[in-house]
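Structure first, then comments.
The values are calculated or read from the model by the stated rules, or taken from the named source; none is laboratory data. Since this is a predicted model, take the numbers as computed values, not measurements. Every residue, glycine among them, receives a Cβ derived from its backbone with ideal geometry; neighbour counts consider all protein chains shown.
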């Protein structure tokens, strides 16, 4: 039931550059058993344009089905056709998206935003090639072989490893850097907007040529020879890259064959295999490095900027010398570089002025810590993602994910209720123009899911003792990484820092992660450790959080050595802190985590541990205080 | 009709020229894909969007069609327009408001409950996206919108199609709308992906000039004491603008853009380190639309400068935790430097 006119689709052959992406898509047409492609790239890099254009290159017998993010479960797997059931009393299937996509392409835009519960359905069907339906009194199964094509912007979060593995190939794309090409993009876009019909017509020849070439390649594919040595090479490459399972080598040889066929040759060459490896391995290699830069990762970004700037300078030079031949070039470049230098030093230099003599503002330890993080990222991060922020909700808000039998809160799932009631209409004596007869046993409720942006409260010790051994640097790095993670999960964050005489709230619960990041960067270290005050303030903030939303699940992360030494209300500081800790854990059902920053050198007091016991908190030692381990801790905790 | 009377006239808004321009450009050329207005509270953001209603042009639609079908281009499967001899209606482009608390089924559409219960028929009840087709979708406090709604919005804004696969309904209809969002950045930023979907972005601040501020209060007072009279007084100005917009809409297809100007746009985007290609494409379209608004057949560098100011602030690759914004001087210098160069040659 697609109503849109196909003439307005930007032709595939008119897409400038992005050769890897285009090739990956075409290879899947040549050999559908390659199993699809995941296109990772920043916004505005023609990802979706290419996928939609692909549709026109497909033969008529290959369906191209789009799965919208808002799809409900019954529409994906299929369900009883209630209209038919009511009218005729017959139980008849109404097929879902999986059936439509059989032997075709299932396209998901922004695939990383797809609800995890729908992802499971897809995985299930994809892994056995069969879609089994056992619901609403129907038992049915049909073959469901489909190619998954997905696009995603990694800035918005990752895809689970199992799902990732379902995509045969993956490509990461970036902006086109060549000015000439960028100009061409703009010119073509202009022409397309002005007169789409004419534009499409202009590229018709090329589209036809491409379709023909694909057809020929398909035929040629059956005759491709793969020398035995090359088979071994494939396996060696896969082993070297430490990929799980055998899928990698199977897909890699298929891809190499398809490349070979597309280039109209008979025998697979080493180059074909190398090319195939670039498509097959990136998302399967463990201990991989993420190709993308992260929006909040200054260290990497700095390098990129430099790189880009260099390219730009070059481009600019070309442009200038070819066009105007201006003599100001050298001068301009020099000033540009100078301003670049200024910019980059802004990134790392701690803002001055906030630090008094006793207070030192430590830099944020991103560089070291986050580099470390990279390598661990694959294993840890993806496992936890997607689940952390989901929760069932009983309120009538949130996303309707599926229907359930039990009745609750009058939140009736009408579609499911109708489907349940439909087959019984005849037996219940409904006449033609009557209303539908619904009995209690038909009623289905909506099971809703809401992303409960977790509230993460960081309580950071900024006393003088934290300045030693780069502790503050690493702490900042860790918190910063957590903030980035929180951005992707759309958590709320708060920040309490304690030093000198009292604790202060630097960031009220906010979803503006940027604000929290700024405050953290400016956080200076120095003075005493007013722990009791910090605990009390934490209590106050939790109280407000709970008052606003009873379902909130706060996570409180204390980062301190526990060496409290500020008399808060005239009593022994430690006793005072213990008392507040017990009170805090009694009153507020939050998840508490204590990270002990006490050094192993010299006498150990173990105060933070004692506080952790009283808080009923999970306790971790300073030895774990590497950015990645703190991150893992909070991810473990948040997976609940 | 009562509500219409109380709308503050668009032309009576003091200052905030960039915001007004951004809105007008989108009315002239809906493919500019919307404008995001960022500013503190009380800076006439919502007033301006609501006031747009007065200056919107008229379009032809099929009468009572839930998808606002264009009589020249009726959707194949439109359940309404298939029956022969439907009337054609001239009506103003609609502004559809999407409340922050909207549920997913209201936004994308769902099963028509009444029909289903009464007769057991599967029929679609169109949602806000259907209503907004060929019109304007306005989201106040867009940064507070629920995440899954944002995803849905992104999906259809990108594709120009709303695909419904839920609750027994499988249906898709075009949803081409101008997305207008307002937000107060103090309450959290927008996700980059959504940010990029807005063609234009303006940062607005309260006016600093005392005289301007006095003028604002005065006009507001006048308006509140007698809205009818006030609107009457501004009617001619609103009409003038309205006519100018209609002219510009016709003129747009004739506007030419020289390759040198395109090259300028590309190099500016490269210079400023803009993510993706949408920035350049938007700059080109915006510059053309500005030229059309000024009734000129060719885009000049001033148009590009203005377009850059509107299209780039939210697309510049930012340092972490840096504010969204753009140094006007950088663009100005860059463009003028070249004007000088060109004239030297």
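Structure above, values below:
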item: Helices (runs of 4 or more DSSP H) enclosed by the range A:181-241 - at least 1 residues per element that are surrounded by fewer than 17 Cβ atoms within 10 Å (Cβ to Cβ), within 36 Å of the chain's Cα centre (by Cα) and away from chain B (no Cβ under 14 Å); result: A:204-221, A:228-240
item: Filtered residues of the range B:161-195 (kept if modelled with pLDDT of 75 or more, facing chain A (nearest Cβ under 7 Å) and within 19 Å of the chain's Cα centre (by Cα)); result: B:161, B:174
item: Residue under evaluation residue A:49, criteria (1) free of Cβ contacts under 8 Å to residues at least 60 places away in the same chain; (2) within 12 Å of chain B (Cβ to nearest Cβ); (3) in contact with a helix residue (DSSP H, G or I) (Cβ under 8 Å, 6 or more places away or on another chain), criterion not met; result: (3)
item: Yes/no for residue A:113 being surrounded by fewer than 23 Cβ atoms within 10 Å (Cβ to Cβ) and within 13 Å of chain B (Cβ to nearest Cβ); result: yes
item: Answer residue from the range B:93-105, given it is crowded, with 16+ Cβ neighbours inside 10 Å and within 12 Å of chain A (Cβ to nearest Cβ) and is nearest to residue B:68 (Cα to Cα) among those; result: B:105
item: Residue among B:140, B:212, B:147, B:222 that alone is over 27 Å from residue B:64 (Cβ atoms) and at the interface with chain A (Cβ under 7 Å from one of its Cβ atoms); result: B:147
item: Test: residue in the range A:415-434 that is assigned to a loop (DSSP other than H, G, I, E, B), under 24 Å from residue B:151 (Cβ atoms) and either at pLDDT 70 or above or in the same structural domain as residue A:74 (by TED's automatic domain parsing) (or both); result: no
item: Members of the range B:259-303 that are closer than 14 Å to residue A:175 by Cα, without any contact (Cβ under 8 Å) to a residue 40 or more places away in the chain and not in a helix (DSSP H, G or I); result: B:277
item: Candidate set: the range A:55-75, residues that are touching a strand residue (DSSP E or B) at 6+ places or on another chain (Cβ under 8 Å) and over 17 Å from residue A:110 (Cα atoms); chosen: the one nearest to the other protein chains (Cβ to nearest Cβ); result: A:75
item: The range B:26-48, residues that are in a helix (DSSP H, G or I) and either within 14 Å of residue B:138 (Cβ to Cβ) or within 8 Å of the chain's Cα centre (by Cα) (or both); result: B:26, B:27, B:30, B:32, B:45, B:46, B:47, B:48
item: Criterion violated by residue B:154 - all others in (1) more than 24 Å from residue B:112 (Cα to Cα); (2) modelled with pLDDT of 80 or more satisfied; result: (2)
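Yes/no matrix, rows are residues, columns are (1) in a loop (DSSP other than H, G, I, E, B); (2) outside the structural domain of residue B:196 (by TED's automatic domain parsing); (3) at pLDDT below 75:
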| site | (1), (2), (3) |
| --- | --- |
| B:79 | yes, yes, yes |
| B:84 | yes, yes, yes |
| B:102 | yes, no, no |
| B:106 | no, no, no |
| B:118 | no, no, yes |
| B:134 | yes, no, no |
| B:138 | no, no, no |
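Here is a yes/no grid of residues against (1) modelled with pLDDT under 85; (2) within 18 Å of residue B:32 (Cβ to Cβ); (3) under 18 Å from the mean Cα position of the chain (by Cα):
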{"site": "B:248", "(1), (2), (3)": "no, yes, yes"}
{"site": "B:288", "(1), (2), (3)": "no, yes, yes"}
{"site": "B:294", "(1), (2), (3)": "no, yes, no"}
{"site": "B:315", "(1), (2), (3)": "yes, yes, yes"}
{"site": "B:325", "(1), (2), (3)": "yes, no, no"}
{"site": "B:339", "(1), (2), (3)": "yes, no, no"}
